[in-house]
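Visitor: First the structure, then my questions, so here it is.
Read-outs: derived from the displayed coordinates by stated rules, not from any lab. Predicted, not measured: the structure shown is a model, and the values here were computed from it. For neighbour counting, all protein chains shown are included, and Cβ atoms are generated from backbone atoms with ideal geometry for every residue, glycine included.
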Amino acid sequence: MDKPLTDQVALITGAGQGVGQGIAYGLAKRGVRIIAVGRTLEKCEGTIATIKERFGTDGAAIRCDIGVIADLDDLVTSAANQFGRLDILVNNAVSAQITPLLDASIEEFELGLRVGPVASLKLMQLVQPHLVTAGGGNIINLASSAAMRWDSSNYGVYAAEKEAIRALTRAAANEWGGLGIRSNTILPLAQSPALAAWAKYRPEEAEAFMKTVPQQRIGDCEQDIGDFVATLCSPESRFVNGQSIALDGGQVNLG
């Protein structure tokens, strides 16, 4: 396989499982060295071990709860020191609250904002100088199609967190594009532990939702999400900037 990203370094939050892990695999097979970040160090170490076994690509695992904003400076410093550079930031970690507005916990909403848009913004700010030093790079933020649901009942809080991330991504694309930094958002639908938990919690809703996917399947975290992210970070996608891209088999129309 051609490896145009060889020796680049990616910091990926929530990389111990699910979509974050799939993105780590997709980038690593193209030569990217992965900094896998998550609250559970053992899961991130497992991701790195699999990467070394499958692809022979180097990497490192770092434990960090990104909801603790004060810890993010040390996280980025440690990540940059691992291999002397940072080229790609993937903001994947999430905290979700699916509930009617009247039942929404303000404390949980504030947690979702910290783990979502606040941590994403802080990491973007901290990583940006490293991307400039590297001569450019990529920021990949993860959002959701929850705000595009025809009936967004029960999903308003979660959608609000994710829409804020899309707004930050668009602003970064405009402010930093001239520096060689591309910022894009993906909206994935993939077989992850989070999706499995949702389907178990809301089986009837999940069954109906799955029927709305034109390709009649749920995406694979590595092959459908991770491999696309690798393509998005590659030279072939050099003119893609500031976009929200649904990776969902055609389920949502972004207009």
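Visitor: Sort 31-40, 99-108 by the packing proxy (mean of other Cβ within 10 Å over each peptide's residues), most packed first.
Guide: In descending order of packing, they fall as 31-40, 99-108.
Visitor: Helix 119-133 versus the longest principal axis of the chain: what angle, 0 to 90°, nearest 10, using Cα atoms?
Guide: Around 30 degrees separate the two axes.
Visitor: With each pseudo-label sitting 7 Å past Cα toward Cβ, what's the Leu254-Asp103 distance in nm, one decimal?
Guide: Output for this residue pair reads 3.2 nm.
Visitor: Another question, if that's okay. I need the peptides 124-135, 83-94 ranked by packing, meaning the mean over residues of other C-beta atoms within 10 angstrom, with the highest value on top.
Guide: Peptide ranking by packing, descending: 83-94, 124-135.
Visitor: Could you point to the residue in Tyr158, Leu111, Thr57 farthest towards the positive end of segment 9-237's charge dipole, with +1 and -1 charges on the Cβ of Lys/Arg and Asp/Glu respectively?
Guide: Farthest towards the positive pole: Thr57.
Visitor: Identify which of the listed values of Rg/Rh (Cα atoms, Kirkwood Rh) was calculated from the structure shown: (1) 0.97; (2) 0.95; (3) 0.99.
Guide: (2)
Visitor: If you don't mind, another one. Less than 14 Å Cβ to Cβ from Ala28, Lys/Arg counted +1 and Asp/Glu -1: what total charge do the surrounding residues give?
Guide: 0
Visitor: What does the charge count around Gly14 come to, taking other residues whose C-beta lies under 10 Å from its C-beta (Lys +1, Arg +1, Asp -1, Glu -1)? Mind dumping the intermediate values first?
Guide: Details: positive: Arg39, Lys43; negative: none.
Neighbourhood net charge equals +2.
Visitor: For every other residue with a beta carbon closer than 9 angstrom to the beta carbon of Ser95, add +1 if it is Lys or Arg and -1 if Asp or Glu, then tell me the sum.
Guide: Charge balance in the 9 Å sphere: -1.
Visitor: Related question: Compute the helix-to-body angle for 41-55: its Cα long axis versus the longest principal axis of the chain, expressed 0 to 90° and rounded to tens.
Guide: 60
Visitor: Determine ³J(HN,Hα), in whole Hz, for all residues of segment 242-255 in sequence, where each value follows from phi through the Karplus function 6.51 cos²θ - 1.76 cosθ + 1.60 and θ = phi - 60°; x replaces Gly and Pro.
Guide: x, 9, 9, 10, 7, 10, 9, x, x, 5, 10, 9, 6, x
Visitor: Sticking with this one: Quick check: the angle from helix 72-83's long axis to the longest principal axis of the chain, C-alpha only, nearest 10 degrees?
Guide: 40
Visitor: Can you tally the lysine pairs in the chain where the Cα-Cα distance is under 20 Å and the two residues are eight or more apart, or on different chains?
Guide: Number of lysine pairs found: 7.
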